[in-house]
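Right, one structure below, let's go through it.
No lab work stands behind these numbers, since they all come straight from the coordinates. Nothing here was measured: the structure is a model prediction, and the numbers come from that model. Backbone-built Cβ (ideal geometry, glycine too); neighbour counts: all protein chains shown.
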Amino acid sequence: MDLSSAIKTRRSIRRFKPNNVPEEIVMGVLDLARWAPSAHNAQPWRCIVIRNESVKKKLAEAMGKAWFYDMLRDGVPEEKAQQIIRLESWERITGSPIVIIICLTMKDMHKYPDKRRQAAEYLMGVQSVAAYIQTLLLAAHYHGLGACWVCAPLFCRSTVKKALKLPKDLDPQAMIVMGYPDENPEPPFRKSLEEICSFKR
Ligand SMILES: Cc1cc2nc3c(=O)[nH]c(=O)nc-3n(C[C@H](O)[C@H](O)[C@H](O)COP(=O)(O)O)c2cc1C
């Protein structure tokens with residue numbers, strides 16, 4: 001697979017075959033992903049790879065509960081909220097062969113005494129983690145796996161930390177669900193170059 005087709009044919013995959021993914025394939029994906037660029041080359045990403053069914057269920061239960069109460073606070077009827085949780089949280093997490101929680105650690109990033117620069121530094125950490133995630137998605141595609149970036153952990157960071165007993169410095173940023181694809185989605189619409197780029201010639 002050349003780089004251009006890897007970039008263009010990667011899709012967000014949300015349905016997976018139940019087949020087991022060999023350990024060496026998972027390690028191959030993780031090994032490639034760590035070549036992502038990062039601010040100060042601090043590599044401020046950490047990932048928790050979950051293949052154990054009971055850990056997935058524990059995480060799904062905790063995240064589902066957090067989302068459920070958020071929806072009730074938004075005025076979503078209880079039954080509707082339960083249905084959304086079942087389809088978009090529980091089944092997505094427990095139905096994915098591999099779930100990876102991606103965290104940011106600021107441990108090796110610079111420390112500033114003022115809020116302005118510290119906020120910029122934090123943002124650089126977040127940007128670095130995003131670069132890592134995109135690299136991971138491409139690496140998964142290269143290895144024949146499908147994957148999808150899921151933002152849910154961002155909305156319940158302390159819940160995820162507690163459910164997985166994560167060290168204090170790990171800040172959950174995203175979840176990647178991964179496995180052999182059981183769907184072949186059409187490429188979603190992309191904005192034209194004219195819409196997104198301007199040129200000062
Ligand atoms: C920051 C971020 C958060 C995302 N969160 C979700 C999500 O929570 N659930 C989901 O199904 N897809 C999520 N996606 C995937 C996008 O929906 C997907 O990338 C987009 O529709 C384009 O499709 P493609 O990846 O197949 O090109 C997310 C993507 C990004 C970059």
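One quarter of the surface of the convex hull around the alpha-carbon atoms of the chain equals 14.7 nm², the direction-averaged projected area.
What FRET efficiency do you get for Asp182 and Asp114 if R0 is 45 Å and r is their Cβ-Cβ distance, rounded to the nearest 0.05?
Values: r = 50 Å, r/R0 = 1.11.
The pair Asp182/Asp114 has a calculated efficiency of 0.35.
Using R0 = 30 Å, the C-beta based FRET efficiency linking Lys57 and Ala131 works out to 0.45.
Can you compute the FRET efficiency between Trp35 and Lys80 using 1/(1 + (r/R0)^6), with r the Cβ-Cβ distance and R0 = 25 Å? Round to the nearest 0.05.
0.05
Ordered by the number of other Cβ atoms lying within 10 Å of each residue's own Cβ, fewest first, Arg92, Arg11, Arg116 fall into the sequence Arg116, Arg11, Arg92.
Per residue, the chain reaches -14000 deg cm²/dmol at 222 nm when only DSSP H runs of four or more residues are counted, each adding -39500 (n - 2.57). Per residue, the average separation of C-alpha pairs within less than 8 Å and at least 6 apart gives the range 1-159 a relative contact order of 43 percent.
Once backbone amide H atoms are built at 1.01 Å from N, Ala174 has Ile102 as its partners under 5 Å, excluding neighbours fewer than 5 places away on the same chain.
Derived scalar couplings between HN and Hα for the range 37-51 equal x, 8, 4, 6, 6, 6, 6, x, 9, 9, 10, 10, 9, 10, 10 Hz in order, rounded to whole Hz, by the Karplus curve 6.51 cos²θ - 1.76 cosθ + 1.60 (θ = phi - 60°), x for Gly and Pro.
Contact order for the range 90-160, expressed relative to its length and based on alpha carbon pairs under 8 Å spaced 6+ residues apart, stands at 22 percent.
Give me Glu186, Glu53 sorted ascending by neighbouring Cβ count inside 10 Å, so fewest comes first. Let's see the in-between values first.
On the way: Glu186 6, Glu53 9.
With the fewest neighbours first, Glu186, Glu53 line up as Glu186, Glu53.
Among Thr9, Thr105, a tally of other beta-carbon atoms within 10 Å of each Cβ gives an order, fewest to most, of Thr9, Thr105.
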